[in-house]
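In what follows, a structure is listed as structure tokens, so that the remarks can point back to it.
The values are calculated or read from the model by the stated rules, or taken from the named source; none is laboratory data. Just so it is clear, the model here is predicted, and its values are computed rather than measured. Positions of Cβ are generated from backbone atoms using ideal geometry, with glycine treated the same way; all protein chains shown enter the neighbour counts.
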Amino acid sequence: MSKYLDILHEYWGYESFRGIQQDIIESIGGGRDTLGLMPTGGGKSLCFQVPTMAHDGLCLVITPLIALMKDQVCSLRQRGIKAEAVHAGMMHDDIVRVIDNCILGDYKFLYVSPERLESDLFRAKLPYMRNLCMICVDEAHCVSQWGYDFRPSYLQIAQLRHLIPYPVPILALTATATPRVVEDIQERLEFKEKNVFSMSFERKNLIYVVRETANKEEEIVHILTSVPQGSAIVYVRNRQLTSDLCKYLESKGITAENYHAGLTEAERDLRQTNWTKNRCRVMVATNAFGMGIDKADVRLVIHYNMPDSLEAYFQEAGRAGRDGRTSYAVLLYNPHDKATIMGRVAQNYPEPDFIRQTYENVCFFYQIGIDDGAGHTHLFSIGKFCQVFHQFPVLTDSALRILDNAGYIEYRTDNDQKSQVQFIVPKEQLYRLHEGGEQMERLMETLLRTYTGIFAKFVLIDEMHLSHLTGLSVELIYQMLKSLANQRVIDYIPHNNQPTITFLQPRIETVRLNLPPMVYRLRKEEYRKRIEGIVAYASENDTCRSRVLLNYFGEDTADDCGQCDVCLGKKKKGSSQHKQQSLKSLIADLLADHEWHPLTELNTLNQNRDKLNAALREMVDEEAVEVERSRIRLVYES
């Protein structure tokens, strides 16, 4: 074990491991398939990074989080560790270069998005990776069809084991998994034997609160004012609400940014930086925000809308209090929310006839005939599609995701194709660009100095990086590149994150389209149960919030947390009942002789009149005292 500790100290500066990190590292380091359950902020990345550094060879890391992938590659390189990444948005030549580097060079980590595992290029190259020491599957719950974030591409991971000509252990890591999902993960990844290490999901410094309110905006301001220290995240359901609520908070003097997947990469980076560096206090965001964010001083995570599952809620709430200090996870709720969230079942799982009609319309949209279309990828505008076929966008998006799960199409909404540039004039003709002035000259020199091969082929560029190098704004660089393209000096393909649809098999007759139970009926029922679980959490006030969450993830506990709104309510009620009983005892002592006394004699007790009357009414109901006109007597001692 000392070699692992030495590596931990040398590269990361820590003196010891936390929680179950050591157990997981020793297990995967010993060549055993391993599943690690670690709550958000538990230090998952060290569980594969440390043992990889202790062994010869390369670790293949599979993760759907491109932002996290980029951050970890950058962090490893800063520590002098050779790491690469392959993800959507990279050009073919760059992918080949990266994979070949990992085959031939002494690289330690190759991060790959799960969709890339299915490409012919990656599958052809994989058998030549004779230096693999382990495969790490991050967000492993995505492999389970019973998980809350199932991704069909994750089902390809087990096939990797059959393409690699020697045994390679798998490390699966997740922050959220029910007992059923834990079993499914190990089966889907073809574990040689069951081997699970689980860290308690309990967060003693995190106080869970459900706040029923008719005005959520005012309640958020009240909460932020009541907890004036530290950063906050407010999760909302849709993009428009991130903007509206952000403006509302700003109008109340609370600094805020908004964040969602529809922003450009530059906008997302800037807003995240402003929040991370405490230039603003609150990030109002959809669930696109948070993965891979490790900000220690988040004191508040507020959910304006209920998420679709307790798994999602637990993961998002867990971004508060990673420094171990007292923090709050607040779910805002009103009775109308139940009907709203239950309606998501029909939205996420529209009727089979609607799904089949959507398939037929997509085929018509791209003019694809029967037995045609396999392997072709098309840019997809859901707005234009719905306008043409008079369909609702939410239902259409859900139908396409179900068709994806059924294997008919690949529906990608998280594309991140970087900008591309190629010069189409010879180098010697660039002199005429001096007419563009000093700024244009600066941009051209930076392009030529930064990107090699730009005359021979398209190269990927980053307008934000060019902005840093030139001192020009991103918007100005974009306009200058568009101008050069109009002058036919360059070909410029701006950054594009438009969704795509790829036909995975030839078009079939719509009546033959099959939706297996594991794709539709069973998953719809599972989704309904998850919705009912989060509704029960929000609407019931009898059980400690922390216990509800722990029990959901299969962790039995007999102890209440003592600090959530339910526990505090019980304490307050108990205290009130104790005070009520004390008042009743005082009244009984005063009337101990069982004789009639004037009611005014109760004033000698010097007690709050309203509380005294409440205790008296209770004693009358219990028939402990008898009141007649303006006098009272004790019937029996309560």
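Numbers at a glance
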quantity	calculated
Yes/no for TYR148 being in contact with a Pro (Cβ under 8 Å, 6 or more places away or on another chain) and either surrounded by fewer than 23 Cβ atoms within 10 Å (Cβ to Cβ) or within 30 Å of ARG528 (Cβ to Cβ) (or both)	no
Residue within segment 528-535 that is among the basic types (Lys, Arg), assigned by TED's automatic domain parsing to the domain that holds ALA312 and either assigned to a helix (DSSP H, G or I) or modelled with pLDDT under 95 (or both) present	no
Filtered residues of segment 69-127 (kept if in contact with a Lys or Arg (Cβ under 6 Å, 6 or more places away or on another chain), basic (Lys, Arg) and in contact (Cβ under 8 Å) with a residue 40 or more places away in the chain)	LYS108
Single residue of segment 581-633 satisfying the filter (of a type in the set (Gly, Ala, Ser) and within 60 Å of the chain's Cα centre (by Cα)) that is surrounded by the most Cβ atoms within 10 Å (Cβ to Cβ)	ALA615
Odd one out for PHE553, checked against (1) more than 25 Å from LYS338 (Cβ to Cβ); (2) touching a Phe, Trp or Tyr at 6+ places or on another chain (Cβ under 6 Å); (3) among the aromatic types (Phe, Trp, Tyr)	(1)
Positions within segment 219-270 being at pLDDT below 95 and touching a Gly at 6+ places or on another chain (Cβ under 8 Å), in sequence order	ARG239
Evaluation of PHE314 against (1) in contact with a strand residue (DSSP E or B) (Cβ under 7 Å, 6 or more places away or on another chain); (2) closer than 17 Å to GLY42 by Cβ (one fails), failing number	(1)
Any hit, segment 492-510, residues being among the hydrophobic types (A, V, I, L, M, F, W, C), assigned by TED's automatic domain parsing to the domain that holds HIS378 and out of contact with any strand residue (DSSP E or B) (no Cβ under 8 Å at 6 or more places or on another chain)	yes
Cβ pairs under 8 Å, 6+ apart, first in segment 321-337 and in a helix (DSSP H, G or I), second modelled with pLDDT under 95 and of a type in the set (Gly, Ala, Ser)	ASP337/ALA538
Which listed residue is touching a strand residue (DSSP E or B) at 6+ places or on another chain (Cβ under 7 Å) and assigned to a helix (DSSP H, G or I), from LEU241, LEU270, LEU224	LEU224
Filter result for the condition that a residue is in the same structural domain as GLU623 (by TED's automatic domain parsing) and at pLDDT 80 or above, over ASP559, ASP589	ASP589
Pair list, Cβ < 8 Å and 6+ apart or interchain, from segment 218-243 residues that are free of Cβ contacts under 8 Å to residues at least 60 places away in the same chain to residues that are among the aliphatic types (A, V, I, L, M) and in a loop (DSSP other than H, G, I, E, B)	VAL221/ILE254; ARG239/ALA261; THR242/VAL236
Yes/no for GLU217 being of a type in the set (D, E, K, R) and under 24 Å from the mean Cα position of the chain (by Cα)	yes
Close pairs from segment 259-276: first in contact (Cβ under 8 Å) with a residue 12 or more places away in the chain and among the aliphatic types (A, V, I, L, M), partner assigned to a strand (DSSP E or B) and surrounded by 15 or more Cβ atoms within 10 Å (Cβ to Cβ), Cβ under 6 Å, at least 6 apart	none
